[in-house]
Amino acid sequence: MRWRVQYKKGPVIRFLSHLDMVRLWERTLRRSGVTIELSRGFNPHLKLSLGTVLPVGLWGKREYLDLELDGDWTIDRFRSHVSQVLPPGIEIGNLRDIPPKTPALMAAINASVYRIAIPKAWTEAAFGTVDGLKQASEIIIVRSKDKKKTDIRPGIIELNLIEDRLGSELEAVVVVGGPQAVRFPELVMALADFGLPEEAMTDYWREANYIRDGGTFRSPLED
C-alpha cells in the first residue's frame, strides 16, 4: 500500500538538511509503530522518499513524502499513531493512498512557490525590484558550483508582491528540475542584483509544490 503525505516543516527545524529530514521521518515512523515496507538487499531500509529538496534555512508549508505501508492501515489510524510521536516543528496535513505506479515526487514536482517577508521600509524598493525582474528579457546570475553565467529568466514563472499593513510578501513561482530550474539562492541573488538585498528579507519559506502541466498547476495529492 503506497501513500502520499503532506506535512509542514516548521520554522523551528528550518536548519535541518534534506538528509536530516529523512532520518527524522524514519525515527518518527519507527517510534509510531506504523509498519513500513523494507527495501531488499544487504542493507534494507524503510521505503520512504521525500519530495524536492528544501534548502537549509527555509521552512515549508506544504511538503510531501511517499511511503509504502505494510499491513492494513486507515488514514485515521495512521494519523493517530504518528501524531503521538511527531517532533516539534512537524505537522501532518492531508494524506491519501496512491496507485503503485504513480511517478515519484522528485520526478513529478516541477514547480515551487517561494515567499519572502519584507518589512514596510523596504516595500517600495521591493515593488521596483519585482517590476524590473518582470520587464527583464534575461536575468543573469553566476552559479556558485561551476561559476557559469546562467539566465534564470525562463525559470521564473510568476512574480508578485502582496502588500499588507506590516509590509509585504514577495511570491515567486519557479521551475523545479530540468535545465530551467531556479534554485532559491539564485532567486535571492537575482533580487539583490535588481535592488532588494538579502538584509531586506525577514523570513522566507516554501509555500507550496506543484505538478505543472502547461498553465495548469495541481497538488501532488490530486489524481
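Just so you know, all these numbers are worked out from the coordinates, no wet-lab data involved. The structure presented is a predicted model; accordingly, all values stated were derived computationally and were not measured. A quick note on method: Cβ atoms are made from the backbone with ideal geometry, for glycine too, and the neighbour counts reach across all protein chains shown.
Since only Leu187, Pro220, Gly155 are under comparison, the one whose Cα sits farthest along the positive direction of the charge dipole of the chain, derived from C-beta charges on Lys, Arg, Asp and Glu, is Pro220.
Peptides 59-69, 14-24, 134-144 ordered by packing proxy, namely the average of other Cβ atoms within 10 Å per residue, highest first: 59-69, 14-24, 134-144. Comparing mean-square fluctuations of Val130, Val85, Val182 from a GNM of the chain with C-alpha springs under 10 Å, the top value falls on Val85.
State to the nearest 20 debye the size of the charge dipole of the chain about its Cα centre, where the only charges are +1 on K and R beta carbons and -1 on D and E beta carbons.
Values: 31 positive and 30 negative charges, 147 e Å.
Charge dipole, the chain, about its Cα centre: 700 debye, nearest 20.
Result for the chain in a Gaussian network model with C-alpha springs under 10 Å: among Pro154, Pro44, Pro88, the largest mean-square fluctuation is at Pro44.
With 0.36 nm allotted per residue and the present C-alpha distance subtracted, the Glu124-Arg218 stretch has 30.6 nm of extension available.
Binning all Cα-Cα separations of the chain at 10 Å, short to long from zero, yields these whole-percent fractions: 7, 30, 32, 20, 10, 1.
In terms of its alpha-carbon gyration tensor, the range 96-206 comes out oblate; a/c meets the 1.5 threshold, while b/c is at least as large as a/b. Remark: relative contact order (the range 2-107) = 48 percent; criterion is Cα-Cα distance under 8 angstrom and separation of 6 or more residues.
Considering only the Cα atoms of the range 1-102, their convex hull presents on average a projected area of 6.5 nm². One Cα centroid belongs to the range 148-223, the other to the range 33-105; the line between them spans 26 Å.
Largest mean-square fluctuation among Ala192, Ala181, Ala117, in a Gaussian network model of the chain whose springs join Cα atoms under 10 Å apart, belongs to Ala192. On a straight-distance basis, which lysines could pair with Lys149 in a cross-link, Cα separation under 25 angstrom, same-chain partners fewer than 8 positions away excluded? Answer for Lys149, where 25 Å is the Cα cut-off: Lys134, listed by chain and number.
Lys147 to Glu91: extension gain in nm, 0.36 nm per residue of separation minus the Cα-Cα distance? Each step should come with its number before you reach the end.
Values: separation 56, 0.36 × 56 = 20.16 nm, distance 3.82 nm.
Answer, rounded to one decimal: 16.3 nm.
Can you give the FRET efficiency to the nearest 0.05 for Leu19 and Glu138, using r as the Cβ-Cβ distance and R₀ = 35 Å? Display every interim value, and only then the final one.
On the way: r = 35 Å, r/R0 = 0.99.
It comes out at approximately 0.50.
Taking all Cα pairs closer than 8 Å and separated by 6 or more residues, the relative contact order of the chain comes to 25 percent.
Of the residues Met21, Leu67, Val82, the one whose Cα sits farthest toward the positive end of the charge dipole of the range 2-107, with +1 on the Cβ of Lys and Arg and -1 on the Cβ of Asp and Glu, is Met21.
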